[in-house]
Amino acid sequence: MRHLDTAAELIVFTVEINTHKLMADPRTVPVETFEQELVDMVTRYLRGDQ
């Protein structure tokens with residue numbers, strides 16, 4: 001990663017906004033599914049997977 005500070009901000013924002021959205025309407029997706037997908041997404045981003 002070339003811009004670590006920016007990457008960290010993107011991760012924090014993504015986790016925050018999606019967590020708030022889920023808590024505002026928890027019926028949209030099971031918490032376990034949300035958790036696993038968010039972890040998978042952040043992990044792929046940090047590893048640079050395509």
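The values are calculated or read from the model by the stated rules, or taken from the named source; none is laboratory data. This one's a predicted model, so the numbers in the text were calculated from it and none came from an experiment. All Cβ positions, glycine included, derive from the backbone under ideal geometry; neighbour counts span all protein chains shown. Surface areas here come from the heavy atoms of the whole protein model, side chains and all, with no ligands, DNA or RNA. Shrake-Rupley method; radii C 1.70, N 1.55, O 1.52, S 1.80 Å.
Could you check segment 27-46 and list, in sequence order, the residues that are open to solvent by 70 Å² or more (accessible area, probe 1.4 Å) and over 10 Å from the mean Cα position of the chain (by Cα)?
Here is the first cut: in segment 27-46, the ones open to solvent by 70 Å² or more (accessible area, probe 1.4 Å) are 27-28, 30-32, 35-37, 39, 41, 44-46.
Within segment 27-46, R27, T28, P30, V31, E32, R44, L46 meet the criteria.
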Flag if F13 is under 11 Å from the mean Cα position of the chain (by Cα) and modelled with pLDDT of 95 or more: yes
Residue pairs, Cβ under 9 Å, 6 or more apart or interchain, first in segment 2-21 and at negative phi, second of a type in the set (V, I, T) and open to solvent by less than 50 Å² (accessible area, probe 1.4 Å). List them. I11/V42; T14/V42; V15/V42
List the pairs whose first member sits in segment 28-50 and is within 17 Å of V12 (Cβ to Cβ), whose second member is small (G, A, S), and whose Cβ atoms are under 8 Å apart, counting only residues at least 6 apart or on separate chains? Y45/A7; L46/A7
Does Q50 satisfy the criteria of being of a type in the set (S, T, N, Q) and modelled with pLDDT of 95 or more? no
